[in-house]
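Beneath this line is the structure, given in C-alpha coordinates, with notes to follow.
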Amino acid sequence: MAVTREQIIEALRTVEDPDLKQDLVSLNMIKDLQVEGHQVRFTVELTTPACPLKEMIRNACLEAIYHKISRELRVDIHMTSQVTSAWKKTPVLPEVKNIIAVASGKGGVGKSTVAANLAVSLAKMGAQVGLVDADIFGPSIPTMFNCEHEQPGVKNVNGKNVIVPLVQYGVKLISIGFLMSAEDAVVWRGPMASKALQQFLGDADWGALDYLIIDLPPGTSDIHLTLVQSVPVTGAVIVTTPQKVALADAKKGLAMFRQPQINVPILGIVENMAYFTPAELPEHKYYIFGQGGGKELATKTQVPYLGEIPLVQSIRESGDNGYPAALKTGEHGESTPEQEAFETVAHELARQVAIRNARGTKTKTVEIKT
Ligand SMILES: Nc1ncnc2c1ncn2[C@@H]1O[C@H](COP(=O)(O)OP(=O)(O)OP(=O)(O)O)[C@@H](O)[C@H]1O
Ligand SMILES: [Mg+2]
(Lines give C-alpha, C1' and ligand atoms only; values in the text may rest on other atoms or scores of the structure.)
(Ligands and ions follow the chains in the order given, each with its own letter.)
Protein backbone atom coordinates (compact mmCIF):
# COMPACT_ATOMS: atom_id res chain seq x y z
CA MET A 1 0.00 0.00 0.00
CA ALA A 2 1.12 3.58 -0.62
CA VAL A 3 1.46 5.96 2.25
CA THR A 4 1.86 9.72 2.46
CA ARG A 5 4.31 11.88 4.38
CA GLU A 6 1.40 13.44 6.23
CA GLN A 7 0.23 10.05 7.49
CA ILE A 8 3.71 9.28 8.81
CA ILE A 9 3.95 12.67 10.51
CA GLU A 10 0.53 12.23 12.09
CA ALA A 11 1.57 8.80 13.42
CA LEU A 12 4.83 10.19 14.83
CA ARG A 13 2.91 12.96 16.57
CA THR A 14 1.73 10.27 18.97
CA VAL A 15 5.28 9.37 20.06
CA GLU A 16 6.57 11.33 23.03
CA ASP A 17 10.12 11.87 24.17
CA PRO A 18 9.79 10.52 27.73
CA ASP A 19 12.15 13.15 29.17
CA LEU A 20 10.96 16.21 27.33
CA LYS A 21 7.28 15.20 27.52
CA GLN A 22 6.48 16.41 24.01
CA ASP A 23 5.94 14.57 20.75
CA LEU A 24 8.86 14.02 18.37
CA VAL A 25 7.30 16.12 15.61
CA SER A 26 6.74 19.19 17.80
CA LEU A 27 10.28 18.78 19.14
CA ASN A 28 11.53 18.90 15.54
CA MET A 29 13.34 15.60 16.02
CA ILE A 30 12.16 13.97 12.77
CA LYS A 31 14.58 14.69 9.95
CA ASP A 32 15.01 13.60 6.32
CA LEU A 33 11.64 11.91 5.98
CA GLN A 34 11.39 10.03 2.68
CA VAL A 35 8.34 8.11 1.54
CA GLU A 36 8.29 5.97 -1.63
CA GLY A 37 5.43 3.53 -2.10
CA HIS A 38 5.49 1.42 1.05
CA GLN A 39 9.09 2.27 1.90
CA VAL A 40 9.52 4.87 4.68
CA ARG A 41 12.83 6.33 5.83
CA PHE A 42 13.59 8.98 8.43
CA THR A 43 16.06 10.04 11.07
CA VAL A 44 15.22 10.66 14.72
CA GLU A 45 17.56 13.30 16.13
CA LEU A 46 17.78 12.89 19.90
CA THR A 47 19.09 15.59 22.20
CA THR A 48 21.68 13.62 24.17
CA PRO A 49 24.57 11.55 22.87
CA ALA A 50 24.14 7.79 23.32
CA CYS A 51 20.66 8.26 24.76
CA PRO A 52 19.79 5.15 26.79
CA LEU A 53 16.20 5.47 25.54
CA LYS A 54 17.26 5.17 21.91
CA GLU A 55 15.86 1.68 21.37
CA MET A 56 12.69 2.45 23.24
CA ILE A 57 12.01 5.54 21.10
CA ARG A 58 12.79 3.65 17.89
CA ASN A 59 10.35 0.90 18.86
CA ALA A 60 7.69 3.45 19.80
CA CYS A 61 8.04 5.06 16.33
CA LEU A 62 7.73 1.68 14.61
CA GLU A 63 4.75 0.70 16.71
CA ALA A 64 2.99 4.03 16.06
CA ILE A 65 3.42 3.67 12.29
CA TYR A 66 2.36 -0.01 12.26
CA HIS A 67 -0.58 0.62 14.51
CA LYS A 68 -1.87 3.87 12.96
CA ILE A 69 -1.16 3.03 9.31
CA SER A 70 -0.15 -0.52 8.45
CA ARG A 71 2.19 -3.35 9.36
CA GLU A 72 2.87 -3.80 5.63
CA LEU A 73 5.16 -0.77 5.51
CA ARG A 74 8.93 -1.09 5.36
CA VAL A 75 10.27 1.37 7.89
CA ASP A 76 13.91 2.29 8.13
CA ILE A 77 14.76 4.52 11.10
CA HIS A 78 18.15 6.09 11.62
CA MET A 79 18.84 7.23 15.19
CA THR A 80 21.23 10.12 15.71
CA SER A 81 21.79 12.90 18.22
CA GLN A 82 22.43 16.60 18.33
CA VAL A 83 23.07 18.16 21.74
CA THR A 84 20.82 21.17 22.26
CA SER A 85 21.62 24.59 23.61
CA ALA A 86 19.51 27.43 24.95
CA TRP A 87 21.22 30.68 25.46
CA LYS A 88 21.37 34.21 24.30
CA LYS A 89 24.21 34.37 21.83
CA THR A 90 27.18 36.08 23.45
CA PRO A 91 30.48 37.05 21.86
CA VAL A 92 32.30 34.79 24.35
CA LEU A 93 32.22 31.11 23.38
CA PRO A 94 29.50 31.38 20.71
CA GLU A 95 30.12 27.80 19.55
CA VAL A 96 29.92 26.17 22.98
CA LYS A 97 26.43 24.77 23.48
CA ASN A 98 26.42 24.13 27.22
CA ILE A 99 28.59 25.33 30.09
CA ILE A 100 28.36 23.17 33.20
CA ALA A 101 29.84 24.24 36.53
CA VAL A 102 30.92 21.47 38.93
CA ALA A 103 30.81 22.83 42.48
CA SER A 104 30.53 21.80 46.12
CA GLY A 105 30.28 23.52 49.44
CA LYS A 106 32.98 21.55 51.17
CA GLY A 107 36.51 20.98 49.86
CA GLY A 108 37.92 17.59 49.00
CA VAL A 109 34.58 15.90 48.26
CA GLY A 110 35.71 14.90 44.77
CA LYS A 111 34.66 17.75 42.46
CA SER A 112 37.73 17.44 40.29
CA THR A 113 37.44 13.65 40.21
CA VAL A 114 33.78 13.87 39.20
CA ALA A 115 34.43 16.69 36.68
CA ALA A 116 37.29 14.76 35.03
CA ASN A 117 35.38 11.48 34.85
CA LEU A 118 32.18 13.09 33.59
CA ALA A 119 34.18 14.86 30.89
CA VAL A 120 35.74 11.63 29.61
CA SER A 121 32.45 9.71 29.92
CA LEU A 122 30.60 12.32 27.84
CA ALA A 123 33.41 12.28 25.26
CA LYS A 124 33.20 8.48 25.12
CA MET A 125 29.48 8.82 24.37
CA GLY A 126 30.45 10.83 21.29
CA ALA A 127 30.08 14.39 22.57
CA GLN A 128 32.56 17.20 21.99
CA VAL A 129 33.82 18.07 25.44
CA GLY A 130 36.07 20.67 27.05
CA LEU A 131 37.21 20.97 30.67
CA VAL A 132 38.40 24.12 32.42
CA ASP A 133 40.28 23.78 35.68
CA ALA A 134 39.02 26.91 37.43
CA ASP A 135 40.72 26.01 40.70
CA ILE A 136 43.44 28.56 40.12
CA PHE A 137 45.05 28.05 43.55
CA GLY A 138 44.89 24.26 43.60
CA PRO A 139 44.71 22.91 40.06
CA SER A 140 44.35 19.13 39.89
CA ILE A 141 43.30 18.51 36.29
CA PRO A 142 46.88 18.32 34.91
CA THR A 143 47.66 15.42 37.28
CA MET A 144 44.34 13.67 36.65
CA PHE A 145 44.97 13.82 32.88
CA ASN A 146 48.67 13.00 33.03
CA CYS A 147 49.77 16.18 31.30
CA GLU A 148 51.46 18.07 34.11
CA HIS A 149 54.51 18.94 32.06
CA GLU A 150 52.75 19.88 28.88
CA GLN A 151 51.97 23.35 27.69
CA PRO A 152 49.06 24.49 25.59
CA GLY A 153 49.92 26.17 22.30
CA VAL A 154 49.23 29.75 21.32
CA LYS A 155 47.93 30.81 17.95
CA ASN A 156 47.12 34.07 16.32
CA VAL A 157 43.50 34.58 15.32
CA ASN A 158 42.65 37.90 13.66
CA GLY A 159 45.65 39.62 15.23
CA LYS A 160 44.91 38.26 18.72
CA ASN A 161 46.89 35.57 20.52
CA VAL A 162 44.65 32.78 21.77
CA ILE A 163 45.44 29.71 23.89
CA VAL A 164 44.99 26.36 22.17
CA PRO A 165 43.68 23.81 24.71
CA LEU A 166 45.54 20.52 25.14
CA VAL A 167 43.62 17.44 24.07
CA GLN A 168 43.84 14.35 26.27
CA TYR A 169 41.53 11.29 26.21
CA GLY A 170 39.28 13.12 23.73
CA VAL A 171 38.75 16.13 26.02
CA LYS A 172 40.03 19.68 25.42
CA LEU A 173 41.74 20.97 28.57
CA ILE A 174 42.96 24.22 30.07
CA SER A 175 44.39 24.67 33.55
CA ILE A 176 46.53 27.28 35.22
CA GLY A 177 48.76 24.32 36.04
CA PHE A 178 49.83 24.23 32.37
CA LEU A 179 51.01 27.81 32.53
CA MET A 180 52.82 28.07 35.87
CA SER A 181 53.70 26.11 38.98
CA ALA A 182 51.10 25.86 41.75
CA GLU A 183 53.49 27.71 44.09
CA ASP A 184 53.59 30.70 41.73
CA ALA A 185 49.80 30.93 41.43
CA VAL A 186 49.25 30.69 45.19
CA VAL A 187 50.61 34.20 45.77
CA TRP A 188 48.12 35.71 43.32
CA ARG A 189 45.38 37.91 44.61
CA GLY A 190 41.72 37.28 43.82
CA PRO A 191 41.46 39.67 40.87
CA MET A 192 44.39 37.97 39.12
CA ALA A 193 42.73 34.59 39.50
CA SER A 194 39.50 35.99 38.08
CA LYS A 195 41.41 37.46 35.15
CA ALA A 196 43.02 34.08 34.46
CA LEU A 197 39.62 32.38 34.35
CA GLN A 198 38.29 35.04 32.00
CA GLN A 199 41.22 34.38 29.69
CA PHE A 200 40.64 30.63 29.78
CA LEU A 201 37.09 31.25 28.65
CA GLY A 202 37.41 34.20 26.33
CA ASP A 203 40.94 33.97 24.96
CA ALA A 204 41.09 30.28 24.19
CA ASP A 205 40.34 28.49 20.96
CA TRP A 206 37.66 26.07 22.25
CA GLY A 207 35.93 25.69 18.88
CA ALA A 208 32.58 23.93 18.78
CA LEU A 209 31.72 22.00 21.95
CA ASP A 210 28.60 20.24 23.23
CA TYR A 211 29.66 20.56 26.86
CA LEU A 212 32.27 22.71 28.55
CA ILE A 213 32.75 21.51 32.12
CA ILE A 214 34.15 23.91 34.71
CA ASP A 215 35.88 22.39 37.73
CA LEU A 216 35.41 25.03 40.43
CA PRO A 217 37.33 25.56 43.66
CA PRO A 218 35.53 24.60 46.89
CA GLY A 219 33.00 26.86 48.56
CA THR A 220 31.67 30.07 47.14
CA SER A 221 34.37 32.40 45.91
CA ASP A 222 35.05 35.28 43.55
CA ILE A 223 35.79 32.66 40.91
CA HIS A 224 32.15 31.52 40.99
CA LEU A 225 30.97 35.05 40.45
CA THR A 226 33.51 35.66 37.70
CA LEU A 227 32.30 32.53 35.94
CA VAL A 228 28.61 33.40 35.94
CA GLN A 229 29.35 36.99 34.96
CA SER A 230 31.67 36.04 32.09
CA VAL A 231 29.64 33.36 30.31
CA PRO A 232 26.06 32.04 30.29
CA VAL A 233 26.21 28.96 32.54
CA THR A 234 23.68 26.28 31.57
CA GLY A 235 23.63 24.86 35.08
CA ALA A 236 25.57 23.60 38.05
CA VAL A 237 26.31 20.10 39.31
CA ILE A 238 26.74 19.91 43.08
CA VAL A 239 29.06 17.22 44.41
CA THR A 240 28.67 16.06 47.98
CA THR A 241 29.72 13.17 50.17
CA PRO A 242 27.18 11.49 52.48
CA GLN A 243 28.31 13.03 55.80
CA LYS A 244 26.06 15.56 57.48
CA VAL A 245 28.73 18.28 57.38
CA ALA A 246 29.26 17.83 53.65
CA LEU A 247 25.52 17.84 52.96
CA ALA A 248 25.06 21.05 54.95
CA ASP A 249 27.83 22.69 52.92
CA ALA A 250 26.39 21.33 49.66
CA LYS A 251 23.15 23.06 50.54
CA LYS A 252 25.02 26.35 50.93
CA GLY A 253 26.76 25.85 47.57
CA LEU A 254 23.41 25.12 45.98
CA ALA A 255 21.84 28.19 47.57
CA MET A 256 24.55 30.39 46.09
CA PHE A 257 23.60 29.42 42.53
CA ARG A 258 19.96 29.93 43.39
CA GLN A 259 20.33 33.48 44.69
CA PRO A 260 17.93 35.61 42.67
CA GLN A 261 20.69 37.79 41.21
CA ILE A 262 22.64 34.70 40.05
CA ASN A 263 19.85 32.26 39.24
CA VAL A 264 21.84 29.45 37.65
CA PRO A 265 19.77 26.22 37.47
CA ILE A 266 20.99 23.23 39.45
CA LEU A 267 21.27 20.31 37.04
CA GLY A 268 21.62 17.86 39.89
CA ILE A 269 23.44 16.43 42.87
CA VAL A 270 26.10 13.72 42.69
CA GLU A 271 26.86 11.77 45.83
CA ASN A 272 30.53 10.83 45.77
CA MET A 273 32.14 8.26 48.07
CA ALA A 274 28.58 7.05 48.62
CA TYR A 275 29.68 3.62 49.82
CA PHE A 276 32.90 1.66 50.13
CA THR A 277 33.46 -1.43 48.05
CA PRO A 278 36.65 -3.42 48.70
CA ALA A 279 38.31 -4.62 45.49
CA GLU A 280 38.21 -8.25 46.68
CA LEU A 281 34.50 -8.08 47.60
CA PRO A 282 32.95 -6.26 44.63
CA GLU A 283 29.41 -7.25 45.63
CA HIS A 284 29.64 -5.57 49.03
CA LYS A 285 28.61 -2.01 49.76
CA TYR A 286 29.53 -0.47 53.10
CA TYR A 287 27.79 2.83 53.77
CA ILE A 288 30.49 4.08 56.11
CA PHE A 289 29.51 7.74 55.90
CA GLY A 290 25.75 7.17 56.13
CA GLN A 291 23.21 6.23 53.48
CA GLY A 292 20.81 8.17 51.28
CA GLY A 293 21.87 11.70 52.32
CA GLY A 294 22.51 12.94 48.78
CA LYS A 295 19.17 11.68 47.52
CA GLU A 296 17.40 13.20 50.48
CA LEU A 297 19.06 16.56 49.87
CA ALA A 298 18.00 16.38 46.21
CA THR A 299 14.39 15.69 47.21
CA LYS A 300 14.35 18.43 49.83
CA THR A 301 15.83 21.05 47.53
CA GLN A 302 13.82 19.79 44.54
CA VAL A 303 16.73 19.15 42.24
CA PRO A 304 17.50 16.03 40.19
CA TYR A 305 19.63 13.30 41.76
CA LEU A 306 22.26 12.35 39.19
CA GLY A 307 23.59 9.27 40.96
CA GLU A 308 26.23 7.92 43.29
CA ILE A 309 29.90 7.07 42.92
CA PRO A 310 31.51 4.44 45.16
CA LEU A 311 34.56 5.04 47.31
CA VAL A 312 37.09 2.71 45.75
CA GLN A 313 40.83 2.66 45.73
CA SER A 314 41.00 2.54 41.94
CA ILE A 315 39.31 5.97 41.63
CA ARG A 316 41.97 7.54 43.85
CA GLU A 317 44.76 5.68 42.05
CA SER A 318 43.42 6.62 38.62
CA GLY A 319 43.36 10.28 39.67
CA ASP A 320 46.95 10.11 40.89
CA ASN A 321 48.15 8.15 37.86
CA GLY A 322 46.52 10.43 35.34
CA TYR A 323 44.14 7.95 33.72
CA PRO A 324 40.52 8.59 34.74
CA ALA A 325 38.70 5.59 36.26
CA ALA A 326 35.83 6.07 33.80
CA LEU A 327 38.17 4.94 31.02
CA LYS A 328 39.76 2.05 32.83
CA THR A 329 38.29 -1.35 32.00
CA GLY A 330 38.76 -4.55 33.97
CA GLU A 331 41.46 -7.15 33.29
CA HIS A 332 39.48 -8.76 30.47
CA GLY A 333 38.20 -5.54 28.94
CA GLU A 334 34.95 -5.69 30.92
CA SER A 335 33.48 -2.51 32.35
CA THR A 336 34.06 -1.87 36.05
CA PRO A 337 31.39 -0.82 38.60
CA GLU A 338 33.05 2.62 38.99
CA GLN A 339 33.09 3.09 35.22
CA GLU A 340 29.40 2.24 35.07
CA ALA A 341 28.66 4.62 37.94
CA PHE A 342 30.31 7.53 36.10
CA GLU A 343 28.51 6.55 32.89
CA THR A 344 25.14 6.58 34.66
CA VAL A 345 25.83 10.04 36.08
CA ALA A 346 27.03 11.31 32.66
CA HIS A 347 23.85 10.02 30.96
CA GLU A 348 21.69 11.56 33.63
CA LEU A 349 23.53 14.87 33.35
CA ALA A 350 23.15 14.96 29.54
CA ARG A 351 19.46 14.23 30.04
CA GLN A 352 19.00 17.04 32.55
CA VAL A 353 20.77 19.46 30.19
CA ALA A 354 18.40 18.48 27.37
CA ILE A 355 15.37 18.88 29.66
CA ARG A 356 16.62 22.26 30.83
CA ASN A 357 17.19 23.42 27.24
CA ALA A 358 13.76 22.22 26.12
CA ARG A 359 12.08 24.39 28.75
CA GLY A 360 12.84 27.35 26.55
CA THR A 361 14.22 29.78 29.13
CA LYS A 362 17.37 31.29 27.75
CA THR A 363 20.63 31.08 29.68
CA LYS A 364 22.13 34.50 30.23
CA THR A 365 25.30 35.95 31.59
CA VAL A 366 24.67 37.26 35.10
CA GLU A 367 24.84 40.99 35.65
CA ILE A 368 25.58 41.89 39.24
CA LYS A 369 25.15 45.49 40.16
CA THR A 370 27.48 46.67 42.88
N1 LIG B 1 35.01 8.04 44.76
C2 LIG B 1 36.25 8.12 45.18
N3 LIG B 1 36.93 7.01 45.60
C4 LIG B 1 38.22 7.10 46.04
N5 LIG B 1 38.90 8.23 46.09
C6 LIG B 1 38.28 9.36 45.69
C7 LIG B 1 36.95 9.37 45.21
N8 LIG B 1 36.62 10.65 44.86
C9 LIG B 1 37.70 11.40 45.11
N10 LIG B 1 38.71 10.65 45.61
C11 LIG B 1 40.04 11.09 46.02
O12 LIG B 1 39.86 12.10 47.02
C13 LIG B 1 40.79 13.15 46.86
C14 LIG B 1 40.05 14.47 46.69
O15 LIG B 1 39.34 14.42 45.46
P16 LIG B 1 39.23 15.70 44.50
O17 LIG B 1 40.55 16.35 44.34
O18 LIG B 1 38.52 15.27 43.29
O19 LIG B 1 38.30 16.61 45.41
P20 LIG B 1 37.91 18.13 45.21
O21 LIG B 1 36.53 18.31 45.72
O22 LIG B 1 38.15 18.54 43.80
O23 LIG B 1 38.95 18.86 46.14
P24 LIG B 1 39.22 20.45 46.24
O25 LIG B 1 38.10 20.98 47.06
O26 LIG B 1 40.54 20.52 46.92
O27 LIG B 1 39.21 20.98 44.85
C28 LIG B 1 41.65 12.76 45.67
O29 LIG B 1 42.80 12.11 46.11
C30 LIG B 1 40.78 11.78 44.89
O31 LIG B 1 41.54 10.84 44.16
MG1 LIG C 1 39.32 20.12 43.00
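The values are calculated or read from the model by the stated rules, or taken from the named source; none is laboratory data. Fair warning: this is a prediction, and the values are worked out from it, not measured in the lab. Glycine gets a Cβ as well: all are built from the backbone with ideal geometry, and neighbour counts include every protein chain shown. To get the accessible areas, we keep the full protein, side chains included, count just its heavy atoms, and leave off ligands, DNA and RNA. Shrake-Rupley method; radii C 1.70, N 1.55, O 1.52, S 1.80 Å.
Which one of the conditions (1) under 21 Å from LEU131 (Cα atoms); (2) open to solvent by less than 10 Å² (accessible area, probe 1.4 Å); (3) without any contact (Cβ under 8 Å) to a residue 40 or more places away in the chain does SER221 fail to meet, given that it meets all the rest?
Going through the list (1) under 21 Å from LEU131 (Cα atoms); (2) open to solvent by less than 10 Å² (accessible area, probe 1.4 Å); (3) without any contact (Cβ under 8 Å) to a residue 40 or more places away in the chain, SER221 breaks only (2).
Quick check on this structure: which one of GLY253, GLY268, GLY235, GLY202 is within 13 Å of ligand 1 (Cβ to nearest atom) and either under 25 Å from ALA127 (Cβ atoms) or surrounded by 16 or more Cβ atoms within 10 Å (Cβ to Cβ) (or both)?
One residue alone meets the criteria, GLY253.
Residue-by-condition table, conditions (1) among the aromatic types (Phe, Trp, Tyr); (2) over 19 Å from the mean Cα position of the chain (by Cα):
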position: LEU216; (1), (2): no, no
position: ILE223; (1), (2): no, yes
position: THR226; (1), (2): no, yes
position: TYR286; (1), (2): yes, yes
position: GLN291; (1), (2): no, yes
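Considering each of SER181, SER230 in turn, give the residue that is hydroxyl-bearing (Ser, Thr, Tyr), more than 16 Å from ligand 2 (Cβ to nearest atom) and touching a residue at least 24 places away in the same chain (Cβ under 8 Å).
SER230
In the set ALA346, ALA298, which member is in a helix (DSSP H, G or I), open to solvent by less than 20 Å² (accessible area, probe 1.4 Å), farther than 22 Å from VAL129 by Cβ and at pLDDT 95 or above? Don't jump to the end; show me each part of the working.
Values: ALA346 fails: farther than 22 Å from VAL129 by Cβ.
Matching residue, one of ALA346, ALA298: ALA298.
Output yes when any residue across the range 122-135 is open to solvent by 10 Å² or more (accessible area, probe 1.4 Å), near ligand 1 (Cβ under 9 Å from one of its atoms) and over 17 Å from the mean Cα position of the chain (by Cα), and no when none is.
Among the residues of the range 122-135, at least one is open to solvent by 10 Å² or more (accessible area, probe 1.4 Å), near ligand 1 (Cβ under 9 Å from one of its atoms) and over 17 Å from the mean Cα position of the chain (by Cα), which makes the answer yes.
Within the set of pairs 6 or more residues apart or between chains, which connect a residue that is over 13 Å from ARG316 (Cα atoms) inside the range 110-123 to a residue that is among the acidic types (Asp, Glu) and more than 13 Å from ligand 2 (Cβ to nearest atom) with Cβ atoms less than 6 Å apart?
SER121/GLU343
List every residue pair whose Cβ atoms lie under 6 Å apart, where the two residues are 6 or more positions apart in sequence or sit on different chains, the first residue falls within the range 127-143 and is within 12 Å of ILE214 (Cα to Cα), and the second residue, located anywhere, is in a loop (DSSP other than H, G, I, E, B).
From the range 127-143, the pairs are GLY130/TRP206; ASP133/PRO139; ALA134/LEU216; ASP135/PRO217.
Using the structure shown, decide if ALA341 is under 30 Å from GLU148 (Cα atoms), part of a loop (DSSP other than H, G, I, E, B) and touching a Gly at 6+ places or on another chain (Cβ under 9 Å).
no
Any idea which of (1) within 25 Å of ASN146 (Cβ to Cβ); (2) within 16 Å of ligand 1 (Cβ to nearest atom); (3) open to solvent by less than 50 Å² (accessible area, probe 1.4 Å) is the one SER181 doesn't satisfy?
Answer for SER181: the failing condition is (2).
Could you list, in sequence order, the residues of the range 87-105 that are out of contact with any strand residue (DSSP E or B) (no Cβ under 6 Å at 6 or more places or on another chain) and either open to solvent by less than 10 Å² (accessible area, probe 1.4 Å) or away from ligand 1 (no atom under 16 Å from the Cβ) (or both)?
Initial filter on the range 87-105 (out of contact with any strand residue (DSSP E or B) (no Cβ under 6 Å at 6 or more places or on another chain)): 88-95, 105.
Once the filter is applied, which keeps residues that are out of contact with any strand residue (DSSP E or B) (no Cβ under 6 Å at 6 or more places or on another chain) and either open to solvent by less than 10 Å² (accessible area, probe 1.4 Å) or away from ligand 1 (no atom under 16 Å from the Cβ) (or both), the range 87-105 yields LYS88, LYS89, THR90, PRO91, VAL92, LEU93, PRO94, GLU95.
Suppose we filter the range 136-178 for residues that are more than 16 Å from ligand 1 (Cβ to nearest atom) and open to solvent by 10 Å² or more (accessible area, probe 1.4 Å); how many remain?
Residues meeting the conditions: 23.
Could you check the range 307-354 and list, in sequence order, the residues that are within 25 Å of LEU46 (Cα to Cα) and within 13 Å of ligand 1 (Cβ to nearest atom)?
Listed by number, the residues that qualify are GLY307, ALA326, GLN339, ALA341, PHE342, VAL345.
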